[in-house]
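Structure first, then comments.
The values are calculated or read from the model by the stated rules, or taken from the named source; none is laboratory data. Just so we're clear, the structure is a prediction, and the values are computed from it rather than from any experiment. Ideal geometry is used to build each Cβ from the backbone, glycine not excepted, and the neighbour counts take in all protein chains shown. What goes into the accessible areas is simple: the full protein's heavy atoms, side chains included, and nothing from ligands, DNA or RNA. Shrake-Rupley method; radii C 1.70, N 1.55, O 1.52, S 1.80 Å.
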Amino acid sequence: MSKEYNYINMINAIMPKSENQINKVFESDSEIFNLHNMKLAINTDEFSQEDFFIEDNPYELGYNIALGAVSDIIAVGAKPIFFLHSMTINSSWDDGFITAFSKGISDLLKLHNIAFLGGDFGIANQWRVTCTVIGECMKKEVMRIGAKEGDPIYISGRVGKGNLNAAVSILKDKSIIPLIKGKYSSIFNTHVNFHHLIANYGNVCIDTSDGLVNTLNTLAGLNGLGYKIEEIPYIKYSKLIAKISKLPRELLIMGEAGEYEFLFSVEKSQEAKLIEYIVENKIKIYKIGHFTKSQERLIKIDGGYIDFKAFDIRGRDYDDLKIYINEIHQYIEKNRMV
């Protein structure tokens, strides 16, 4: 159990509670509560250099920050409606950078028809943006708890861009990006109106901000289940990226920087209706596996399965990136099932 988890529980135990709040700590991506016969969702997220977003394109940086904040509202099946932020800019940013950064945020909000209410502003040696998003729950609220054995697991898009962005940010080396088909964009996928799908068909949902493996382990742990993942929809050119960078492709799912896709499951009895819905609305999602009664957490990699039940390797615990990568290699070899 991480220090972060323990600290959150410690602080939460001290704070006053409301009988109008529906979820408990860690149970959902957003806080859900009743207010004057309305069911609302609210979430506050902070972003900084610690998130390892690519920073040299201010528009894409602003866009990804807003997208990351909004994703927590969508993950509970709510429609995001209001946005506030406390924006602390880097003192080195000029007017052009600030304008492009703000335009990225604005364009993401406009796509979702979200209104900006205001917030706070500051200047410091390092940038930091804290976002608060308010949404209205639709048909039902969807939490991280509620999955059952056999429920199929889906993801809203391809995975790996979050950890690729982090690698570029850490290594400061864009040669690891295959530019063979034009300029690389760090922007994550945008899923407008995806809250309808989650609210109508999801029985659990979480965004992949912590990377795919960590996200799967979070859901499995909260629901007392295991999982079996048969197919990973990696981002395009993932094999080429691994070859160019000389880094294992598994880092794209085992690293802790995700791309804010939606990982969710549906009841087996509702899967046919879900498929009918996505075909009718031309929505692309990927079925990757299912939850199991067994506590094994299996992901198919290179023809064999790796059990991620004991996976607890965190990049922040290592000063040397090579040691971190070596630990991941060793974990794969030690936990490969023949």
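Okay, here's what the table says:
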quantity	calculated
Listing of strands (runs of 3 or more DSSP E) fully contained in region 1-106 that carry 1 or more residues being without any contact (Cβ under 8 Å) to a residue 60 or more places away in the chain, hydrophobic (A, V, I, L, M, F, W, C) and closer than 22 Å to F121 by Cα	78-90
Selection status of I153, in contact with a strand residue (DSSP E or B) (Cβ under 8 Å, 6 or more places away or on another chain), part of a helix (DSSP H, G or I) and under 30 Å from S238 (Cα atoms)	no
Filter result for N335 (open to solvent by 70 Å² or more (accessible area, probe 1.4 Å) and of a type outside the set (S, T, Y))	no
Residue pairs meeting the criteria (Cβ under 9 Å; at least 6 apart or on separate chains; first surrounded by 17 or more Cβ atoms within 10 Å (Cβ to Cβ), in region 218-230; second assigned to a helix (DSSP H, G or I))	L225/L219; G226/A220; Y227/L216; Y227/N217; Y227/L219; Y227/A220; I229/L212; I229/L216
Selection within region 261-280 - in contact (Cβ under 8 Å) with a residue 12 or more places away in the chain and either of a type in the set (A, V, I, L, M, F, W, C) or part of a loop (DSSP other than H, G, I, E, B) (or both)	E261, F262, L263, F264, V266, E267, L274, I278
Sole residue being touching a helix residue (DSSP H, G or I) at 6+ places or on another chain (Cβ under 9 Å), modelled with pLDDT under 90 and open to solvent by 20 Å² or more (accessible area, probe 1.4 Å), chosen from Y184, Y201	Y184
The lone exception for G119 - which of (1) open to solvent by 40 Å² or more (accessible area, probe 1.4 Å); (2) touching a residue at least 40 places away in the same chain (Cβ under 8 Å) it fails	(2)
Hits in region 313-336 - residues which are assigned to a loop (DSSP other than H, G, I, E, B) and either touching a Leu at 6+ places or on another chain (Cβ under 8 Å) or in contact (Cβ under 8 Å) with a residue 24 or more places away in the chain (or both)	I313, R314, N335
Residues satisfying the stated conditions in region 53-104, i.e. of a type in the set (K, R) and out of contact with any Gly (no Cβ under 9 Å at 6 or more places or on another chain)	none
Some residue of region 106-115 being touching a Pro at 6+ places or on another chain (Cβ under 6 Å) and either more than 20 Å from N43 (Cα to Cα) or crowded, with 18+ Cβ neighbours inside 10 Å (or both)	yes
In region 237-260, residue surrounded by the most Cβ atoms within 10 Å (Cβ to Cβ) [restricted to those that are farther than 19 Å from Y331 by Cβ and free of Cβ contacts under 8 Å to residues at least 24 places away in the same chain]	K243
E276 being modelled with pLDDT of 90 or more, surrounded by fewer than 15 Cβ atoms within 10 Å (Cβ to Cβ) and under 20 Å from F194 (Cα atoms)	yes
Search result, residues across region 289-306 that are over 21 Å from the mean Cα position of the chain (by Cα), within 22 Å of N223 (Cα to Cα) and open to solvent by less than 30 Å² (accessible area, probe 1.4 Å)	T292, I306
